[in-house]
Amino acid sequence: MDYIQSIIIAVVEGLTEFIPISSTGHMIIAEKMLNVPDNDFTKMFTVAIQLGAILAVVVLYYKKFFNFKNLSFYYKLIIGVIPALALGFLLADKIDELLESTTTVAVALLLGGVVLLFIDNFFKNPKVHDEKEIGFGKSFIIGIWQCLAMVPGVSRSAASIIGGMQQKLSRHAAAEFSFFLAVPTMLAATGYKLLKYYKTSGGFSSEEIKLLALGNLVAFLVALLAIKFFISFLQKHGFRVWGIYRIILGVVLLILLQKGIIAR
């Protein structure tokens with residue numbers, strides 16, 4: 001991986017992390033198109049730079065994250081991240097295998113797009129409009145929904161937002177809680193990936209450290225803009241447009257895969 005490739009992949013991550021179209025899926029597509037080497041560093045890089053994008057949430061919502069008087073907020077995040085920690089640990093090797101599969105991404109994008117076409121009609125009359133109204137039980141259930149995103153192409157934000165709406169959260173409240181829950185989730189995933197890579201490779205080269213630092217910085221800066229855009233767009237237009245986009249992209253990918261233009 002070179003610096004140009006790392007920047008492009010990081011831009012893709014920053015733009016797509018908070019939109020329900022799967023950041024991991026888009027990064028896998030970008031890597032295939034850029035002919036990025038399919039090795040352990042690339043797999044680790046794809047996960048690790050998501051931390052940069054997630055930290056944009058901490059900056060934009062710093063009053064929430066650094067209000068130590070509201071301990072229940074932290075308890076909800078801890079409870080919400082438990083399902084992902086447990087399944088991530090148990091299925092780590094299987095998840096790594098799926099990260100190599102463009103076919104999995106294409107199918108997940110297509111099926112998820114169909115769901116998003118109708119999701120606004122599934123969950124009407126929300127009763128929860130603010131994080132303070134979210135209970136511990138709802139936090140845990142949303143965390144279970146988030147686990148669906150372990151399949152590349154599903155989208156972590158889509159899974160957790162839909163989970164929130166299923167728990168009677170408004171679109172706005174579900175989207176924000178999805179952002180909040182992403183912070184401990186990606187901290188854990190990044191820490192695990194970095195530690196695993198460090199142990200298996202014997203450490204990081206200076207070049208790898210530079211690529212990771214650059215990737216996280218770019219993802220962070222792009223995500224700052226993407227978060228504000230998505231919240232505003234979601235309130236006005238809902239999920240339908242993202243469903244259409246996912247279906248089109250999924251079909252195009254399947255065609256390219258069938259013709260051998262993109263590696264499976």
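The values are calculated or read from the model by the stated rules, or taken from the named source; none is laboratory data. This structure is a prediction, so every number in the text was calculated from the model and none was measured. Note: ideal-geometry Cβ built from the backbone for every residue, glycine included; neighbour counts use all protein chains shown.
Residues of region 229-256 that are over 24 Å from residue 111 (Cβ atoms), among the charged types (D, E, K, R) and surrounded by 13 or more Cβ atoms within 10 Å (Cβ to Cβ): none at all. I'd like the full set of residues that are assigned to a helix (DSSP H, G or I), more than 15 Å from the chain's Cα centre (by Cα), touching a residue at least 40 places away in the same chain (Cβ under 8 Å) and over 30 Å from residue 137 (Cβ atoms), limited to region 30-62. Residues satisfying the conditions are 32, 33, 40, 41, 42. A Cβ distance below 7 Å, combined with a sequence gap of six or more or placement on separate chains, defines the contacts here; from region 84-101, residues that are more than 17 Å from residue 187 (Cα to Cα) reach residues that are charged (D, E, K, R) in the pairs 96/43; 99/43; 100/38; 101/264.
Only residues that are in a helix (DSSP H, G or I), more than 18 Å from the chain's Cα centre (by Cα) and of a type outside the set (Val, Ile, Thr) were counted across region 63-93, and they come to 11.
Here's the yes/no breakdown for (1) part of a helix (DSSP H, G or I); (2) of a type in the set (S, T, N, Q); (3) surrounded by 23 or more Cβ atoms within 10 Å (Cβ to Cβ):
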residue	(1), (2), (3)
116	yes, no, yes
119	yes, no, no
125	no, yes, no
161	yes, no, yes
178	yes, yes, yes
191	yes, no, no
200	yes, yes, no
204	no, no, no
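So is residue 47 among the β-branched types (Val, Ile, Thr), under 22 Å from residue 153 (Cβ atoms) and in contact with a Leu (Cβ under 7 Å, 6 or more places away or on another chain) or not? Spelling it out, it is not the case that residue 47 is among the β-branched types (Val, Ile, Thr), under 22 Å from residue 153 (Cβ atoms) and in contact with a Leu (Cβ under 7 Å, 6 or more places away or on another chain).
Is it the case that some residue within region 92-99 is at pLDDT below 90 and of a type in the set (Val, Ile, Thr)? Yes. Residue 153 meets all of the listed conditions (1) more than 26 Å from residue 36 (Cα to Cα); (2) within 14 Å of the chain's Cα centre (by Cα); (3) outside any helix (DSSP H, G or I) but one, namely (1). Being surrounded by fewer than 16 Cβ atoms within 10 Å (Cβ to Cβ) and of a type outside the set (Ser, Thr, Tyr) narrows it down to one of 225, 212, so name that one. It is 225. Against the condition assigned to a helix (DSSP H, G or I), closer than 28 Å to residue 4 by Cβ and at pLDDT below 95, how does residue 182 come out, does it pass? Yes, satisfied.
The set of residues from region 38-96 being surrounded by fewer than 18 Cβ atoms within 10 Å (Cβ to Cβ), closer than 21 Å to residue 198 by Cβ and charged (D, E, K, R) comprises 38, 40, 93, 96.
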